[in-house]
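Visitor: Take this structure first; my questions come after.
The values are calculated or read from the model by the stated rules, or taken from the named source; none is laboratory data. Just so we're clear, the structure is a prediction, and the values are computed from it rather than from any experiment. Ideal geometry is used to build each Cβ from the backbone, glycine not excepted, and the neighbour counts take in all protein chains shown. Protein only, heavy atoms only, side chains kept; ligands, DNA and RNA dropped before computing areas. Shrake-Rupley method; radii C 1.70, N 1.55, O 1.52, S 1.80 Å.
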Amino acid sequence: MRKIICILAIMGMIFVSSNAQLSDYSLWYKQPATDWNEALPIGNGRLGAMVFGDYYRETIQLNEESLWAGYKTEANADAVAYLPEIQKHLINGEIAKAVELSEKYMKSDPLRIRSYQSFGDINIDFYADRGTVPNIGNYRRDLNLETGITTVQYRIGESTFTREAFASAPDNMIVIRLYVDKPGQLTFRLSYNREQDATAYPSSDTDKALDIRGQIVDLPSQGTGETGMHMKFAGQIRGVNKGGTLVALNNSFYVENADEAIFYFTGATDYNFKKLNFDRTIEPAAVCRTILDKANLSNYTLVKERHVQEHRAIFNRMSFVLGETTLDLVPTDERLKNVREGKEDLSLVALYFQYGRYLLMNSSRSPGVLPANLQGIWNKDMNAPWSADFHTNINIQMNYWPAEVCNLPETAIPFSNLINALREPGRITARKTYNSIGWTVNHLTNPFGRTAISDGVGWGTFPIASSWLVLHQWEHYLFTKDRAYLKDEAYPSMKEAAEFILNYLVEDKKGYLVTAPSNSPENRYQLLDKTSFMLTYGATMDIEIITELFNACLLAGRELNVDATFRKELERTLKKLPPIKISKRYNTIQEWIEDYEEVEPGHRHISHLFGLYPGTTITPADKELFAAARRTIERRRKYNEGEVKLGSYTGWSRAWMINFYARLLDGEEAGNNVRELLAKSTLLNLFDTHPPFQIDGNFGGTAGIAEMLLQSHMNEIHLLPALPPSWKNGEIKGLCARGGYVVDIKWENGTLVQACIISSNNSKYNVRYKDKVKTFSGKNKTIINAQLSAFK
């Protein structure tokens, strides 16, 4: 039984909360997409599609989460014999010697991975050429975030043509419906195309169906391993028509004089998550047939209702109203252009927030088994930027920053499952490369369980990644209080990651225990002789992550009443870690253990502020570090936004900045960075751009907006901790706080007027508003009716 406490500050009294007004959460446009970055995404966690909405030739680009080039390989360098010498050189400041040895003995083979790939395209041709297209009127293309349905509608003469597309999780398929309000006016060709490694043809065992067969052929590519015929995949499209005719021919359906036509697509590969590899006992074509055979394809209304009901149940856990909702009547691309010109659109902020939730729930949940990658689930390429991999030096972590606070806990499960699956290959990396027990992974991974150093020693040596990843499992427990999950899923991987660190740490010349080798992700430092390096020891981020992990393991061990001896070792080790240092030259947080000069002072990664966000080691409790963190950000921004630019913002870097300012309790700057994220790093379909498109900025931006309105990392529920002055009126419902709480907040003229807290347990808890704290109890359903003196 959940306990509900509602706080309503009107005329000094507290009353029960009322329902929030629902906004129209839709992206909409007056014209078709001209390229992929304007198309609209649908997804169900496993299958994804980008819908362009053209009336001449529709394109629906397809994805299936596990369709990756490459194969499972044990690529780890056997560096054990050379590791002590590398560590010695690093600690002695002989960086060049350490790098030389590392380049020789720590490189994995193969050094790089291959890419996540597009499943192909569904093309719908309505005319032989654009010159034949008649006059089009009343065109509208939209994506309804609440229903997960994208719609295209336009008029030709007296007839209205409509197309709907959605990705159903209950039925594990993508559905495309075309209809017209006058009979017999639908004539078109729908075909499947892929630029390589696949073909489509009429099914031999299913009427009105196309079968798709493919197998990825990996050609020679430097550093990516063996060539050959690797992952197999298949798909099936079934057609249903009302009126007219529908015939499967070649790689297409030909529809003539129909009133309505519906197509059901699903795809599959022979990937087996349990093996982290393709599995030749899996027949993808049979998987597709089974999925479509189970669905009630003769009843589109039921299929649509099942989809909408399931989708709404997840999406509608939250609502957010901000600014003038009348701006929802303006096309989304025009609104974004207005923001780029300096105009304010707070309702677009709310839409962007909900879009981030939409993208996460549709790229990371059942029926999918893999987490969201660098592009979520949406990718048009055979060789995607950065392979659309799982980058573990911030990007996949940022993908999941909104999962818990934004009431989407199930989206974290594929991520958690991958983390646990990486433990087995990660033990090999720990043993062979780092001479340690436990498990680790470096700066990227893929569905084949890659844990070895990748892309190069400087870029790729990041053995702290496993420690960062498991902190997401700890966060899932903190928000859900699911003790069984902590015992069975989170704590075992947390403990083993901590065991790796305990064995990997070495003593430096000052007696501190440090990591060596490592790096501060993707950044370089400069020595006095002007030489620059990435490889280092004891990077500040490492120390902050280790501190966070060890403290989490201590709390988890006490909660489960296990591993007392292990906990004592963690406590002893924590005392020997180096402190977070403040640079004497710049009065900022040092990025490295030495006060090195930065090669790129405006670098996109701000790794040494992990302790500010998402960590918890830099807080207002330590005023000196807290102030130094602000100066660190100001210095970064100086070299990005000033006249001298020695660095570059990316979309995800700007999103991280929002979270930093939220933790600094600076609503004005947090709001400024939300506006800058929209104005400078957002594409017309509201995808984040690195550039190019990279989805982590969407998720980081959504998390940042949540962090501005609610924080709970300091053992209290902090309401409106970083509310921008321009966000005068608003209401948000369904945010989650650590401890198992759901929180609704309403404010007017920049002041809290209402909060409702739903508790999942009987514990007392503290609620902060501004500089005042009040304690509440969740023992009973409580309506408090008293003066809010604690909050005045």
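Visitor: If you scan segment 126-152, which residues turn out to be open to solvent by 20 Å² or more (accessible area, probe 1.4 Å) and under 30 Å from residue 65 (Cβ atoms)?
Guide: Here is the first cut: in segment 126-152, the ones open to solvent by 20 Å² or more (accessible area, probe 1.4 Å) are 126-140, 142, 144, 146, 151.
Hits for segment 126-152 are 142, 144, 146, 151.
Visitor: Taking the criterion of being under 30 Å from residue 690 (Cα atoms), part of a helix (DSSP H, G or I), open to solvent by 50 Å² or more (accessible area, probe 1.4 Å) and not acidic (Asp, Glu), would at least one residue in segment 569-580 satisfy it?
Guide: Looking for residues that are under 30 Å from residue 690 (Cα atoms), part of a helix (DSSP H, G or I), open to solvent by 50 Å² or more (accessible area, probe 1.4 Å) and not acidic (Asp, Glu), one finds none in segment 569-580, hence no.
Visitor: Here's another thing I want to ask about it. Looking at residue 615 and the list (1) closer than 17 Å to residue 518 by Cβ; (2) outside any loop (DSSP other than H, G, I, E, B), which single condition is not satisfied?
Guide: Condition not satisfied by residue 615: (2).
Visitor: Same structure again: Kindly list the number of the only condition in (1) open to solvent by 10 Å² or more (accessible area, probe 1.4 Å); (2) touching a Pro at 6+ places or on another chain (Cβ under 9 Å) that fails for residue 235.
Guide: (1)
Visitor: Continuing with the same structure: Of the numbered conditions (1) at pLDDT below 95; (2) in a strand (DSSP E or B), residue 214 fails exactly one; give the number of that condition.
Guide: The one condition residue 214 does not meet is (1).
Visitor: Which ones in segment 320-338 are open to solvent by 10 Å² or more (accessible area, probe 1.4 Å) and either under 24 Å from residue 409 (Cβ atoms) or of a type in the set (A, V, I, L, M) (or both)?
Guide: 321, 327, 329, 330
Visitor: Which of the residues spanning segment 414-470 are out of contact with any helix residue (DSSP H, G or I) (no Cβ under 8 Å at 6 or more places or on another chain) and among the hydrophobic types (A, V, I, L, M, F, W, C)?
Guide: Selection gives 418, 421, 428, 448, 459, 462, 465.
Visitor: Something else now. Could you check residue 274 against (1) over 25 Å from residue 128 (Cβ atoms); (2) buried (at least 18 other Cβ atoms within 10 Å of the Cβ); (3) not polar (S, T, N, Q) and say which number it fails?
Guide: Of everything listed in (1) over 25 Å from residue 128 (Cβ atoms); (2) buried (at least 18 other Cβ atoms within 10 Å of the Cβ); (3) not polar (S, T, N, Q), residue 274 misses just condition (2).
Visitor: OK, next. Of 103, 74, 65, which residue is buried (at least 20 other Cβ atoms within 10 Å of the Cβ) and in contact (Cβ under 8 Å) with a residue 24 or more places away in the chain?
Guide: Details: 103 fails: buried (at least 20 other Cβ atoms within 10 Å of the Cβ); 74 fails: buried (at least 20 other Cβ atoms within 10 Å of the Cβ).
None of the other options fit; the residue is 65.
Visitor: Exactly one of these conditions fails for residue 358: (1) surrounded by fewer than 16 Cβ atoms within 10 Å (Cβ to Cβ); (2) within 27 Å of residue 377 (Cα to Cα); (3) not aliphatic (A, V, I, L, M). Give me its number.
Guide: Looking at each condition in turn, residue 358 falls short on (1).
Visitor: Determine if segment 639-661 includes at least one residue that is closer than 25 Å to residue 582 by Cα, without any contact (Cβ under 8 Å) to a residue 12 or more places away in the chain, of a type outside the set (A, V, I, L, M, F, W, C) and surrounded by fewer than 18 Cβ atoms within 10 Å (Cβ to Cβ). First the steps, then the outcome.
Guide: If we filter segment 639-661 for residues that are closer than 25 Å to residue 582 by Cα, which is where we start, we get 639-642, 644-649, 653-661.
Within this subset, residues satisfying the condition of being without any contact (Cβ under 8 Å) to a residue 12 or more places away in the chain are 641-642, 644.
Cutting the leftovers down to of a type outside the set (A, V, I, L, M, F, W, C) gives us 641-642.
Those left that are additionally surrounded by fewer than 18 Cβ atoms within 10 Å (Cβ to Cβ): 641-642.
Yes.
Visitor: Do any residues in segment 252-273 that are at negative phi have Cβ atoms under 7 Å from those of residues that are polar (S, T, N, Q) and not in a strand (DSSP E or B), where the two are at least six apart or on different chains, and which pairs are they?
Guide: Pairs that qualify, where the first residue is at negative phi and the partner is polar (S, T, N, Q) and not in a strand (DSSP E or B), are 266/172; 269/66; 271/66.
Visitor: Now for a different question. Could you please find all residues in segment 763-792 being open to solvent by 90 Å² or more (accessible area, probe 1.4 Å), closer than 19 Å to residue 739 by Cβ and either in a loop (DSSP other than H, G, I, E, B) or modelled with pLDDT under 50 (or both)? First the steps, then the outcome.
Guide: As a first pass, look at segment 763-792 and keep what is open to solvent by 90 Å² or more (accessible area, probe 1.4 Å): 764, 770-771, 779-781, 783, 785, 787, 792.
Then keep just the ones that are closer than 19 Å to residue 739 by Cβ; that gives 764, 779-781.
If the condition is that a residue be open to solvent by 90 Å² or more (accessible area, probe 1.4 Å), closer than 19 Å to residue 739 by Cβ and either in a loop (DSSP other than H, G, I, E, B) or modelled with pLDDT under 50 (or both), then 779, 780, 781 are the ones that fit.
Visitor: Next question. Considering each of 512, 504, 537, 525 in turn, give the residue that is hydroxyl-bearing (Ser, Thr, Tyr), touching a residue at least 24 places away in the same chain (Cβ under 8 Å) and open to solvent by 50 Å² or more (accessible area, probe 1.4 Å). Give the steps one after another, and end with the answer.
Guide: Working: 504 fails: open to solvent by 50 Å² or more (accessible area, probe 1.4 Å); 537 fails: open to solvent by 50 Å² or more (accessible area, probe 1.4 Å); 525 fails: open to solvent by 50 Å² or more (accessible area, probe 1.4 Å).
Answer to the selection: 512.
Visitor: Moving on. Are there any strands (runs of 3 or more DSSP E) wholly within segment 64-161 with 1 or more residues that are of a type in the set (Val, Ile, Thr), and if so which? Full working, then the answer.
Guide: Values: elements: 120-125, 137-144, 149-156.
In segment 64-161, the matching strands (runs of 3 or more DSSP E) lie at 120-125, 149-156.
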